[in-house]
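Shown next, in structure tokens, is the structure this report addresses.
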Amino acid sequence: MVSSMTAQGPPIFNPTMTITGYGIIDSPIGEEVDKVVDGDINTKFLDFELADGMGFIVDLGGTATAAHFIEITTANDFPVRDPIDFEIEGSIDGTNFSRVDTGAIVCIMERFETRLFSITNATAYSYYRVNFSAPCDPSGGTGFPSIQVAEVQFYEIELGIGDNRLMSSDFKIVPNPNQGLFTLDYSGNQQIEELNIINITG
């Protein structure tokens, strides 16, 4: 997983798709699973049951798309409830899921902050399952163990212009995360003349 500021293409998820919870979920009224893909960062998906993390499944409605990015927006309050990682799985039939990618999420104080992470994936799936295993602080900051996110979105994208396209999966930063010292591995076939690397703060 590589954090990225690259401009993404059209979003994959939309509020008309079927969103279902994954695992055991205990959400207050108005903060249920459907709020995670409703297009409104002022709402959120909140889960008070941490035994199996906080997860959801999105049915793309019969289409199959390869997701290359996951975008996660922090919710309105309690930064300690933000997830510290994500696990993504994909399925063609909605029953049998395969691992797509996992990634770490750095805990931050900013609210309504949207961050984009690239994921390694070359397969088009009709269903995507996302699970957040734990929050920044298991107490939820209030004595109520919980995880929350305002919005999650997937994007498909190919980097480049015209027919000379570079896939995000062709790049790998090692180690990731890092403190500013890293190696950039490129496994693609296209010649690169210039490369700009921008961190999450721009």
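The values are calculated or read from the model by the stated rules, or taken from the named source; none is laboratory data. What you see is a predicted model; the values in this text were computed from it and never measured. All Cβ positions, glycine included, derive from the backbone under ideal geometry; neighbour counts span all protein chains shown.
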Any residue at all in the stretch 158-169 that's assigned to a strand (DSSP E or B), modelled with pLDDT under 75, loosely packed, with under 12 Cβ neighbours inside 10 Å and among the aliphatic types (A, V, I, L, M)?
yes
Specify the residue that is nearest to M109 (Cα to Cα); the eligible residues are those in the stretch 41-93 that are over 13 Å from the mean Cα position of the chain (by Cα), part of a loop (DSSP other than H, G, I, E, B) and among the polar types (S, T, N, Q).
N76
Answer yes or no: is there a residue in the stretch 73-92 that is within 11 Å of V149 (Cα to Cα) and of a type in the set (D, E).
yes
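Being in contact with a strand residue (DSSP E or B) (Cβ under 6 Å, 6 or more places away or on another chain), of a type in the set (D, E, K, R) and more than 20 Å from I19 (Cβ to Cβ) is true for just one of D77, D85. Which residue is that? Give the steps one after another, and end with the answer.
Values: D77 fails: in contact with a strand residue (DSSP E or B) (Cβ under 6 Å, 6 or more places away or on another chain).
Just a single option satisfies the conditions, and that option is D85.
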The residue from S4, S27 that alone is of a type in the set (S, T, Y), modelled with pLDDT under 95 and buried (at least 20 other Cβ atoms within 10 Å of the Cβ) is S4
When the stretch 31-40 is checked residue by residue, the ones that are in contact (Cβ under 8 Å) with a residue 24 or more places away in the chain, farther than 19 Å from C136 by Cβ and in a loop (DSSP other than H, G, I, E, B) are D38, G39, D40
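Is one or more of the residues making up the stretch 74-82 of a type in the set (V, I, T), buried (at least 19 other Cβ atoms within 10 Å of the Cβ) and within 21 Å of A124 (Cα to Cα)? Please lay out each step first, then the result.
Here is the first cut: in the stretch 74-82, the ones of a type in the set (V, I, T) are 74, 80.
After this cut, where a residue has to be buried (at least 19 other Cβ atoms within 10 Å of the Cβ) as well, the list is 74.
Pick out the ones that are also within 21 Å of A124 (Cα to Cα) and you get none.
No, there is no match, as no residue in the stretch 74-82 is of a type in the set (V, I, T), buried (at least 19 other Cβ atoms within 10 Å of the Cβ) and within 21 Å of A124 (Cα to Cα).
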Residue pairs qualifying under the 9 Å Cβ cut-off, at least six apart or on distinct chains, with the first in the stretch 18-30 being closer than 19 Å to G62 by Cα and the second being exposed (fewer than 14 other Cβ atoms within 10 Å of the Cβ), are T18/G61
